[in-house]
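First comes the structure, then the notes that go with it.
Coordinate-derived values only; no laboratory data. Keep in mind that this is a model prediction, so the values were computed, not measured. We place every Cβ from the backbone using ideal geometry, glycine too, and count neighbours over all the protein chains shown.
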């Protein structure tokens, strides 16, 4: 029995020393709860449009509060997996999500659709609460 515990401890140690250790440990214990559908706001203001060539339907995006936004004190940035800015949660939709994030809740967005309309990109997203 002691040897089995040692093996478990060694495996846990090796798992926690990997780059995505916490994410891999928590993943089986988490679920994504769909909260809302929206679109990414501000895509036409992104200077490096190459970021849009690297995203596709189904991609998980990072939501991050932007503390020093002079236009919106509840601003939530939307970043691709490489942490490049894609835009924002629309201001009309962000109050509840900002409160959840400020309370320590982990939210993500998943791309549901991408449509290019001239120089404008309309990116439909679902917003999810990751529940542990």
Practice item. Sorted from largest down, give the three principal axis spans of the alpha carbons of the range 30-131, whole angstrom values. Key: 38, 33, 23
Study note, to complete from the structure: Residues 95, 51 in order from fewest to most other beta-carbon atoms within 10 Å are 95, 51
**Study point:** Length added when fully stretched, residue 35-residue 110, from 0.36 nm per residue minus Cα-Cα
**Key:** 25.9 nm
Review point. Quick one: 88, 128, fewest Cβ neighbours within 10 Å first, how do they rank?
Key: 128, 88
